[in-house]
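**Student:** Dumping the structure here so I can ask a few things about it.
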Amino acid sequence: MEGFAIVLYYSNMRGAAPAIRIYNLFGESGDLPDVVHCETIASRSVLHDWTLAVHRHARLHQVLLIERGGGEATLDGRVVPLKPMQIVNVPVGHVHGFRFVPDTQGWVLTIAAEILDEALLSVEGLRGALARSAVVRGTPQIRTTMKQIFAEHAARDFGRAHVLRALSSAMIGLVARALTSESGGNGTVESSLFRRFEALLEQHHLERWSVADYAEALAVTPTHLNRITRAATGDTASHLILNRLIREARRNLVYTNLPVSTIAYALGFEDPAYFSRVYAAATGVSPRAFRAQLHGDET
């Protein structure tokens with residue numbers, strides 16, 4: 001019977017080497033080359049005998065739609081079978097791997113964290129829903145949207161980037177809805193606290209608030225805040241704060257011509273050299289080198 005499954009990536013595969021590789025797009029070391037990226041599952045999986053070893057993507061969110069076939073995914077140490085009509089959600093930075101049945105058919109959608117920042121409003125709670133690894137049932141509407149994204153990505157029509165952003169935003173909303181619907185909602189005290197933290201992070205990340213500042217605003221201890229963020233995303237509050245700042249920096253580097261020093265000051269850094277060191281430590285490349293790569297310049 002023909003059907004489909006969706007996977008929003010990242011996890012841990014059986015029989016893999018201890019070291020977890022970090023890729024930006026599957027085995028590629030370069031950054032996402034487009035607004036979003038959409039391709040067939042087979043286009044890369046067939047090159048690796050239908051098995052993608054454990055790895056993670058530092059700044060990418062992915063959605064995989066399996067129309068026919070299946071296999072298994074390893075998500076945070078759990079091996080989960082992949083069948084038609086399933087969604088597997090794996091947030092940015094989570095370790096993941098896949099073993100597909102040969103000739104599995106479907107598509108993979110890759111979305112940069114910066115695009116998610118533009119699409120997700122903290123008050124809606126979508127980020128919290130998408131931050132947990134889960135396997136749930138898909139919908140025909142998700143399949144239709146994925147096929148539209150694939151067709152738009154393959155074309156080069158006027159307004160392509162705008163349409164891709166809109167369709168990807170719709171896909172994220174549909175996946176979050178499916179995840180939340182099957183889990184019985186996302187209304188616990190813990191998830192509510194995490195959504196409030198997200199909202200505060202959007203409001204104050206440029207003010208360089210510390211974990212203690214956010215904890216005080218939420219009337220909890222820093223330890224409890226870290227417990228909440230780990231439960232929601234698998235990451236610490238301090239790391240989420242840093243990641244939000246880095247995403248803001250990347251957005252400025254990509255979409256503006258502002259000097260690196262100006263971006264550093266705008267992000268609350270008193271020393272541009274220190275900002276460059278922080279950025280390089282978080283991303284593996286300096287701000288100037290990252291910008292040069294975008295324009296194809298030699299560094």
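The values are calculated or read from the model by the stated rules, or taken from the named source; none is laboratory data. Everything quoted here is computed from the prediction, not taken from an experiment. No Cβ is skipped: glycine too gets one built from the backbone with ideal geometry, and neighbour counts run over all protein chains shown. When the accessible area is computed, the model is the full protein with side chains, heavy atoms only, and any ligands, DNA or RNA have been set aside. Shrake-Rupley method; radii C 1.70, N 1.55, O 1.52, S 1.80 Å.
Let's see how each residue does on (1) within 18 Å of residue 208 (Cβ to Cβ); (2) more than 22 Å from the chain's Cα centre (by Cα); (3) not hydrophobic (A, V, I, L, M, F, W, C):
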site	(1), (2), (3)
253	no, no, no
262	yes, yes, yes
270	yes, yes, yes
278	yes, no, no
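**Student:** Does any residue of region 20-40 turn out to be at pLDDT 85 or above and outside any strand (DSSP E or B)?
**Tutor:** no
**Student:** Working carefully through the options 14, 59, find the one that is among the basic types (Lys, Arg), touching a helix residue (DSSP H, G or I) at 6+ places or on another chain (Cβ under 8 Å) and modelled with pLDDT under 90.
**Tutor:** 59
**Student:** Name, by its number, the condition in (1) crowded, with 16+ Cβ neighbours inside 10 Å; (2) under 20 Å from residue 194 (Cβ atoms); (3) at pLDDT 95 or above; (4) not basic (Lys, Arg) that does not hold for residue 232.
**Tutor:** Evaluating residue 232 over (1) crowded, with 16+ Cβ neighbours inside 10 Å; (2) under 20 Å from residue 194 (Cβ atoms); (3) at pLDDT 95 or above; (4) not basic (Lys, Arg) leaves (3) as the failure.
**Student:** Here's a follow-up. Return the total of residues in region 122-151 being open to solvent by 20 Å² or more (accessible area, probe 1.4 Å), part of a helix (DSSP H, G or I) and free of Cβ contacts under 8 Å to residues at least 40 places away in the same chain.
**Tutor:** 6
**Student:** Within region 64-111, considering only strands (runs of 3 or more DSSP E) that don't extend past its boundaries, which have at least 3 residues that are of a type in the set (D, E, K, R) and closer than 17 Å to residue 145 by Cβ?
**Tutor:** It comes to none.
**Student:** Against the conditions (1) modelled with pLDDT under 90; (2) under 24 Å from residue 80 (Cβ atoms); (3) charged (D, E, K, R); (4) surrounded by 15 or more Cβ atoms within 10 Å (Cβ to Cβ), where does residue 196 fall short? Just the number, please.
**Tutor:** All conditions pass for residue 196, except number (2).
**Student:** Another question, if that's okay. Taking region 251-263 on its own, how many of its residues are out of contact with any Pro (no Cβ under 9 Å at 6 or more places or on another chain) and in contact (Cβ under 8 Å) with a residue 40 or more places away in the chain?
**Tutor:** Counting residues in region 251-263 that are out of contact with any Pro (no Cβ under 9 Å at 6 or more places or on another chain) and in contact (Cβ under 8 Å) with a residue 40 or more places away in the chain gives 2.
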